[in-house]
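Notes to accompany the following structure.
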Amino acid sequence: MPLVSRPAPARLPEPKRSWYARLRPPQLIALVYFIGILLATAALHLPGVLRPGADMSSVDLLFTATSALTITGLAVSDTGETFTRYGQSILMALFLLGGLGILSFGTLFAFLTGRRVNFSERQHLQAQISGLDTGSVVRLLRTIFTYALGLQLAGALLLAFRFVPQFGLGEGLFQALFHSISAFNNAGFTVVPGGMSQYVSDPLVSLTISALVILGALGFIVQFNVVNWLQRPREHRLTVYSLLTLLTTAALLVVGFLTVLLLEWGNHATLGPLPWHGKLLAAFFQSMTPRSGGFSTVNIESMRSATLLVLIILMYIGGGSGSTGGGIKTSTFAILAGSAWNMVLGRGELIAFGRRVERDNVVRATTVTTLYTLMVMTALFLMLLTNPNIDFTHLLFETVSAAATVGLSMNTTAHINNTGLIILSMLMYLGRIGPLTFAVAFSLRRRQQQGVRYPPERDILVG
C-alpha cells in the first residue's frame, strides 16, 4: 500500500499579546507608579483641594503627590492647614494605593468585574508583593486586602477613643481614620492641629500608631507565616525569612530605643522635660518611626548628633521586603551582617537557623545595598550642589529619609528649592519601587552564553 503524505496542519497565528503582557514585572511596577504620580499630581491640582490662601506651586504639588503615593511623608507645608478635607481625602486614598499597591487594586477591580487574572498578571503581582508562589498569589492578595483593611479599621477605632472626645464626633472619626491609614501604610502624614508632639506621653495614641507602623513595615508574608504557625504549629513552621525579619526588626527597635533613651534623657529640647514613663514611651516611639513610619513626637532637629546618626542608619535599613517600608530591607541587612560574620569565622557558607542561604541571595543583597548606596550618595551630592545654604547634616538626613520613604525631617523640607524638591521626588520614586527593580526594569535582557566560560582570576586583593 503506497504511503500517502498528509499535509501538515496549518499553524494558527499566535494571539497578539497586549503591551501589558509583554512587560516584565519590574518594568510594569516602575511604569505604573510613574503614571500614578502624574495622575496624583493632576488630582491635587483640582479645585477645592487647597484651602483659600494656601500657596502651593506645581512643583510643591508634584512633591506632595509623590510623597503620598510613595508613602513617604515629607511635606513642604503643614498638611492640615494647607489642604481641605477634600484634599486630605485624596491624600488618604493615595496612601492606600501606595501602601497596598496600585497593581493590587487593579486586580481587585478584575475580581469585582469578573475578569479572569491570567498567569502574566499573577507574575506581576508576585513581584510587587513578594509572593512566594505564583499559583496562590491571587488568593494571597485577597487575604491581604481583608487583613490590611481590618487592621486599619481596628486602629481607627482605638484612636477614636482619644480623638472623638478631643475634636468631636465627625472630626474625631476622620482624624482617627486618617492617622490609622497613614500609620499602617507608613505614610507619616498628619493633619492633627498642633502635630503629634502633644501625644508624646499618651500611651493610647503612641502605642496604637507604633503597632500599626511596625505591622505595616514587617510585610504581609511574615505576618501570615506567624499567624499560620500560631494556629497550626505542627503543619506550619516559621520560615528563615520570617525569622530573619522578626529578629532583625526586634534588634533594631531595641538598639534605637536604648540610643534615644540614653542620649536624649537629659536633653531639655527632647526627652528632658518628660516624666520617666513619658521618656520611655517617647524613646520607643522615636526608635519605631525610622522603620519608615515618619511620625515624630519630639523635635528631631533638636536631637544630639549621635542620635541623628543612629536614626539615619535605622532609616537606611528600613522595613521588611514586600512591606510598606523602604530602605535596603531588614532581610538584606541580616544577610550582609551574617555574611560578614561568616567571613570573620572563616566559614564557606552562610547558615541561618539550620538552613543554608543560597549564594544568589547573598549576591542580590550585596547588589541592592550597592545600588541603594550609590543612589543615596548621588542624590546627596546633587542636593549639596543645588542647596548650598542648607547644613550638611540636614541634607543628609532629608536625603536618606526620602530614599527610605520614611518622611522624618529636621524641619528642612520647606527650605529646599524647586530643584531640590524634584531631586527628592525622583529619590522617593526610586526608593518606593526599589533601585534593583528600576535597574532590572530598564536593563537589556541577558544574552545566553553558549558554552563559553572564562577562566577564573583569583589574584584580586579585596579589603
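Just so you know, all these numbers are worked out from the coordinates, no wet-lab data involved. All figures in this text were calculated on a predicted structure; none of them were measured in a lab. Note that we place each Cβ from the backbone using ideal geometry, even for glycine, and neighbour counts take in every protein chain shown.
Things to note:
- Packing-based ranking, highest mean first, of 229-240, 155-166 given that Cβ atoms within 10 Å are counted: 155-166, 229-240
- Extension gain, residue 269 to residue 234: 0.36 nm times the residue separation minus the Cα-Cα distance gives 7.5 nm.
- Our summary gives region 345-417 a relative contact order of 20 percent, counting only alpha carbon pairs under 8 angstrom and 6 or more residues apart.
- Loop-located trypsin sites (Lys or Arg not before Pro) across region 296-375 with a Cβ neighbour count of 14 or fewer within 10 Å are 347, with loop assigned by DSSP.
- For residue 406, nonlocal amide neighbours, meaning residues 5 or more places apart or on other chains whose placed amide H falls under 5 Å from its own, do not occur.
- For the peptides 310-316, 290-296, 376-382, the ranking by mean Cβ contacts within 10 Å, running from highest to lowest, is 290-296, 310-316, 376-382.
- The mean sequence distance of close C-alpha pairs (under 8 Å, at least 6 residues apart), as a share of the length of region 371-411, puts its relative contact order at 34 percent.
- Taking amide H positions as modeled 1.01 Å from N, with prolines and chain starts lacking one, the residues under 5 Å from residue 50 and 5 or more places away or on another chain are 84.
- Net length gained if the chain between residue 54 and residue 415 were fully extended (0.36 nm per residue, minus Cα distance): 128.3 nm
- Amide H to amide H distances under 5 Å link residue 352 with 357, where only residues 5 or more positions off or on other chains count and H is placed in the peptide plane.
- Computed over Cα pairs, the Kirkwood radius of region 235-374 leads via Stokes-Einstein (1.567 mPa s, 4 °C) to a diffusion coefficient of 79 µm² per second.
- Based on Cα contacts under 8 Å between residues 6+ apart, region 32-80 shows a relative contact order of 40 percent.
- Look at where the Cα atoms of region 147-212 and of region 376-410 average out, and the two centres are 29 Å apart.
- The residues 412, 270, when put in order of fewest to most other Cβ atoms within 10 Å, stand as 412, 270.
- Residue-wise HN-Hα coupling along region 293-308, computed from phi with Karplus coefficients 6.51, -1.76, 1.60 (Hz; x: Gly, Pro): x, x, 7, 8, 10, 10, 7, 4, 4, 8, 6, 5, 4, 5, 5, 4
- 3J(HN,Hα) along region 27-39: 5, 5, 4, 4, 5, 5, 5, 5, 5, x, 5, 4, 5 Hz, from the Karplus curve 6.51 cos²θ - 1.76 cosθ + 1.60 with θ = phi - 60°, whole Hz, x for Gly and Pro.
- Legend: calculated FRET efficiency, residue 169 to residue 45, from the Cβ-Cβ distance at R0 = 41 Å, rounded to 0.05, equals 0.80.
- Exposure proxy shown here: for 92, 426, the number of other Cβ atoms within 10 Å sets the order, fewest to most, as 426, 92.
- Each residue of region 190-206 is assigned a 3J(HN,Hα), and the resulting list reads 9, 10, 6, x, x, x, 7, 5, 5, 10, 4, 10, 8, x, 5, 5, 5 Hz, derived from the Karplus form 6.51 cos²θ - 1.76 cosθ + 1.60 (θ = phi - 60°), x at Gly and Pro.
- Taken along the Cα-to-beta-carbon direction at a fixed 7 Å, the label points for residue 142 and residue 360 span 3.0 nm.
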